[in-house]
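Read the structure below first, then the notes.
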Amino acid sequence: STGEIIWALISILLLFTVSGCPQECRCNTALKTVDCRAQELKEIPTKLPYETELLYLQDNKIQVISHTPFITTPWLKILDLSNNSITSVSSKTFHGLHHLQVLNLTNNFIQHIENKVFNQLQNLHKLDLSFNRLLSLPESLGDNIKNLTLVAVHHNLLQRIQRVLLDSLSNLEVFLFKDNPWHCNCEVIGFRLWLESFLYRGGTIDEIVCFSPEDLKGKDLFKVPYEKYRTCSAISSSFLLANIKHFSSDPKGINKHLHHDEHGDGSHSDCETKPKPRPVSLRHAIATVVITGVVCGIVCLMMLAAAIYGCAYAAIMAKYHKELKKVEHLAPAIEQGSAEEKEPLDSSLA
């Protein structure tokens with residue numbers, strides 16, 4: 001029928017459109033690769049082959065990424081957008097790329113990344129955001145990316161990274177931070193504690209050099225003594241000293257303080273002394289008191305038993321010495337009586 005013929009023509013046209021290779025690119029059907037490098041492209045080309053797994057778009061002039069540009073290439077595993085002029089990345093940019101493993105966005109002009117931009121990239125292993133102008137990272141970066149092993153953010157404008165973001169990167173192995181203007185005030189404590197735990201677990205990082213405050217400028221974050229933060233309002237000095245060798249078990253609590261200080265009115269200094277917080281666990285405190293009471297009771301009972309034993313021993317020994325003295329006092333009289341009994345017997349014999 002006419003309808004079937006029209007539908008067949010539309011299907012052939014769609015197949016040609018999806019499976020075609022853009023004029024500016026080189027396509028390798030066997031390797032499922034599309035190479036569009038250094039073609040002065042200003043936008044991501046359309047009509048990419050549906051089965052594409054490797055897409056190279058580096059060294060172009062792409063500034064704006066259109067809405068869902070990769071919807072026709074759902075099998076992408078490697079996407080390289082480095083060395084372009086991209087300024088921002090929206091939440092729909094990588095929509096549908098459930099198989100993407102490597103994403104390279106290095107050497108662009110990205111200042112902002114929307115919060116849910118990476119949420120659909122469940123199989124992403126490597127994310128390179130280096131050499132951009134990022135002021136912050138999306139807090140939900142690791143919410144759905146459980147396989148992420150490498151993140152590179154060196155050469156950006158980052159001053160801090162929120163602890164809640166770091167805690168979500170459960171399988172991370174390499175985190176590169178070099179050449180960012182890190183602000184090493186009280187808000188960096190949670191970041192440093194996480195880094196120490198990350199290194200203890202075998203993770204790899206590069207150097208983190210403080211940019212501010214002025215007295216710490218140019219100093220390695222790990223060489224800043226913890227005493228510098230003893231009076232910080234973010235966490236108490238007791239909590240800080242307790243976590244120098246042991247990673248905090250309540251990261252969200254720390255982040256809550258840090259988040260509050262970051263968005264405060266700025267009327268307080270970074271290291272203003274605050275009242276000591278209440279105990280973390282009342283149940284643990286009560287258990288400690290009970291155990292201490294039991295131990296003290298046992299010690300008191302042992303001391304009482306020792307005192308009773310000592311008194312009884314002293315009484316027995318006193319009675320023993322008294323009886324001994326009586327025996328010694330009666331001994332001479334017994335000996336004298338024995339002598340008098342012997343004299344008549346001797347005289348009678350004479």
Tabulated pairs, the range 172-184, first closer than 19 Å to Gly202 by Cα, second assigned to a loop (DSSP other than H, G, I, E, B) and among the hydrophobic types (A, V, I, L, M, F, W, C), C-beta under 7 angstrom, 6+ apart or interchain = Leu172/Leu148; Leu176/Val153; Phe177/Val153; Phe177/Ile208
The listed residue being over 19 Å from Leu172 (Cβ atoms), surrounded by 21 or more Cβ atoms within 10 Å (Cβ to Cβ) and of a type outside the set (A, V, I, L, M), out of Asn84, Asn107 | Asn84
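What is the residue count in the range 173-215 for residues that are at positive phi and crowded, with 17+ Cβ neighbours inside 10 Å?
Step one: filter the range 173-215 for residues at positive phi, giving 179, 202.
Then keep just the ones that are crowded, with 17+ Cβ neighbours inside 10 Å; that gives 179.
Within the range 173-215, residues that are at positive phi and crowded, with 17+ Cβ neighbours inside 10 Å number 1.
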Any chance the range 150-168 includes a residue that's exposed (fewer than 15 other Cβ atoms within 10 Å of the Cβ), free of Cβ contacts under 8 Å to residues at least 60 places away in the same chain and in a helix (DSSP H, G or I)?
-> no
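Test Phe118 against the stated conditions and say whether it is of a type in the set (Phe, Trp, Tyr), in the same structural domain as Cys36 (by TED's automatic domain parsing) and surrounded by 16 or more Cβ atoms within 10 Å (Cβ to Cβ). Lay out the reasoning, then the answer.
Details: of a type in the set (Phe, Trp, Tyr): yes; in the same structural domain as Cys36 (by TED's automatic domain parsing): yes; surrounded by 16 or more Cβ atoms within 10 Å (Cβ to Cβ): yes.
It is true that Phe118 is of a type in the set (Phe, Trp, Tyr), in the same structural domain as Cys36 (by TED's automatic domain parsing) and surrounded by 16 or more Cβ atoms within 10 Å (Cβ to Cβ).
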State whether the residues of the range 122-130 include one that is modelled with pLDDT of 90 or more, of a type in the set (Lys, Arg) and on the phi < 0 side of the Ramachandran plot.
-> yes
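Every residue in the range 123-134 that is of a type in the set (A, V, I, L, M) and outside any loop (DSSP other than H, G, I, E, B), please. Walk me through it before giving the result.
The initial filter retains those residues of the range 123-134 that are of a type in the set (A, V, I, L, M), namely 124, 127, 129, 134.
Once the filter is applied, which keeps residues that are of a type in the set (A, V, I, L, M) and outside any loop (DSSP other than H, G, I, E, B), the range 123-134 yields only Leu127.
Conditions (1) under 21 Å from Phe177 (Cα atoms); (2) in a loop (DSSP other than H, G, I, E, B), marked per residue:
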position: Lys42; (1), (2): no, yes
position: Leu79; (1), (2): no, no
position: Ser85; (1), (2): no, yes
position: Gly96; (1), (2): no, yes
position: Phe109; (1), (2): yes, yes
position: Phe118; (1), (2): yes, yes
position: Leu121; (1), (2): no, yes
position: Ser136; (1), (2): yes, yes
Residue by residue through the range 195-225, note down the ones that are under 20 Å from Ser130 (Cβ atoms) and among the aromatic types (Phe, Trp, Tyr).
-> Phe198, Phe211
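The values are calculated or read from the model by the stated rules, or taken from the named source; none is laboratory data. All of these numbers come straight from a predicted model, not from anything done at the bench. So basically every Cβ, Gly included, is an ideal-geometry build from the backbone, and we count neighbours across all protein chains shown.
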